Amino acid sequence: MQIAAAGGRLERVILSHVDGDHIVGLLSLFSELRANTAPIAVDELWHNSFAKTIDDGPNNIASRVQTMLANVAGANMVMGATTDELNTIPDGNKLRQDALVLGIPFNNGMTGELVSLDTSPGPLTWGNLTVTVVGPTTTNLNNLKADWLTWLEDHEGPLATGDPFLAAMADQSKPNLSSIMLHVADDTGKTALFTGDGRGDHLLQGLGQANLLSANGTLHVNLFKLPHHGSDRNVTKTFFKKVTADEYIASANGKDGNPDYSTLNWLIAAASEQGRPITIHVTNTTQSTDNILADFDETTFGYKLKVRPSNQSAITLTLS
């Protein structure tokens, strides 16, 4: 409602990737737009569907995974992550169709159908912002496609037996999806990184390809949205020494343990060793945040942990 009160338009909506926790709100918004009941308008949409990023060749990855899941008893229980990911494929297609029906430009400004570093013409100017796409890259997408094919080849045969144990192991090892990642700078020189569920190594590759890294392979921004809700599967302590910030945000639901304790540990230790005071903003308290505060004194280690007030629906940061 704050957006509606401020003019009621979003110049551009960006869906980083089609995981359910990222797309569900947009599906509701676009349904309301089609019904003329939405409180705000949308001018453009950026969104990479699974069909265009991973399943655009003759290998029929999605249908093969669906067939494989059908062979596993209780697939929804033992392969929850894979099942959820497959269920979002039609969601991504629906969002694209909604945009087409509404006449909302789709992936506008790119030289191809995808939003990627390689299809972007370079830094884009949006009002007082300069936006650089730093991921995914064509290399990321090709490697991810190869990972999915290898995963299928390794598991299609064994899972045809319907063994729930093998299914659970396969669910833990499945490849991730690829996120749109952006570097944003305003006309005062303030900068931010938005990373979706991207991997730290992919982000470094993209930043390097976009010529945003220094000669020694580092980058400092004012604000860094931690990838994958602060999951320790996407970052390392070394990564936090290379990509640094003043303010960090970990957005999560307060139920799945994110941000992970390891992520917060690496982040605080890296900044402390470099003598950098930092602020970490989290949307919810968790056991991880409680443990970090107990194990790492804020004054001693030079950081602050701030939690979204429970009576507020958002965090607003002013970079002065």
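Numbers for the structure displayed
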quantity: Where a residue in segment 50-66 is closer than 13 Å to Leu152 by Cβ and its partner, wherever it lies, is open to solvent by 50 Å² or more (accessible area, probe 1.4 Å), with Cβ under 8 Å and at least six apart; calculated: Arg64/Glu156
quantity: Within segment 45-81, considering residues that are among the polar types (S, T, N, Q) and over 17 Å from the mean Cα position of the chain (by Cα), the one farthest from Asp197 (Cα to Cα); calculated: Asn71
quantity: All positions within segment 188-198 that are more than 15 Å from Thr132 (Cβ to Cβ) and open to solvent by 50 Å² or more (accessible area, probe 1.4 Å); calculated: Thr188
quantity: Among residues of segment 226-271, those that are modelled with pLDDT of 95 or more, more than 24 Å from Leu212 (Cα to Cα) and of a type in the set (Gly, Ala, Ser), counted; calculated: 2
quantity: Within segment 28-146, helices (runs of 4 or more DSSP H) holding 1 or more residues that are surrounded by 15 or more Cβ atoms within 10 Å (Cβ to Cβ) and not hydrophobic (A, V, I, L, M, F, W, C); calculated: 50-53, 61-70, 80-102
quantity: Index of the failed condition, Asn222 passing every other in (1) open to solvent by less than 70 Å² (accessible area, probe 1.4 Å); (2) in contact with a Ser or Thr (Cβ under 7 Å, 6 or more places away or on another chain); (3) outside any strand (DSSP E or B); calculated: (3)
quantity: Test: residue in segment 260-268 that is open to solvent by 80 Å² or more (accessible area, probe 1.4 Å) and not small (Gly, Ala, Ser); calculated: no
quantity: Inter-residue pairs, beta-carbon under 8 Å, first within 18 Å of Asn140 (Cα to Cα) and in segment 98-127, second aromatic (Phe, Trp, Tyr), 6+ apart; calculated: Val115/Trp46
quantity: Test for Lys241: is it open to solvent by 20 Å² or more (accessible area, probe 1.4 Å), charged (D, E, K, R) and touching a Phe, Trp or Tyr at 6+ places or on another chain (Cβ under 8 Å); calculated: no
quantity: Single residue of Asp201, Asp232, Asp154 found to be outside any strand (DSSP E or B), more than 30 Å from Thr283 (Cβ to Cβ), free of Cβ contacts under 8 Å to residues at least 40 places away in the same chain and acidic (Asp, Glu); calculated: Asp154
quantity: Among residues of segment 162-173, those that are open to solvent by less than 30 Å² (accessible area, probe 1.4 Å) and either under 30 Å from Arg12 (Cα atoms) or in a loop (DSSP other than H, G, I, E, B) (or both), counted; calculated: 1
quantity: Failed item in (1) open to solvent by less than 30 Å² (accessible area, probe 1.4 Å); (2) modelled with pLDDT of 95 or more; (3) of a type outside the set (A, V, I, L, M, F, W, C); (4) under 23 Å from Val115 (Cα atoms), with Gly208 passing the rest; calculated: (1)
quantity: Residue list for segment 291-315, filter: loosely packed, with under 12 Cβ neighbours inside 10 Å and at pLDDT 95 or above; calculated: Ala294, Asp297, Thr299, Thr300
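The values are calculated or read from the model by the stated rules, or taken from the named source; none is laboratory data. Remember, predicted model here, so these are calculated numbers, not experimental data. Glycine also receives a Cβ, built like all others from the backbone with ideal geometry; neighbour counts cover every protein chain displayed. What goes into the accessible areas is simple: the full protein's heavy atoms, side chains included, and nothing from ligands, DNA or RNA. Shrake-Rupley method; radii C 1.70, N 1.55, O 1.52, S 1.80 Å.
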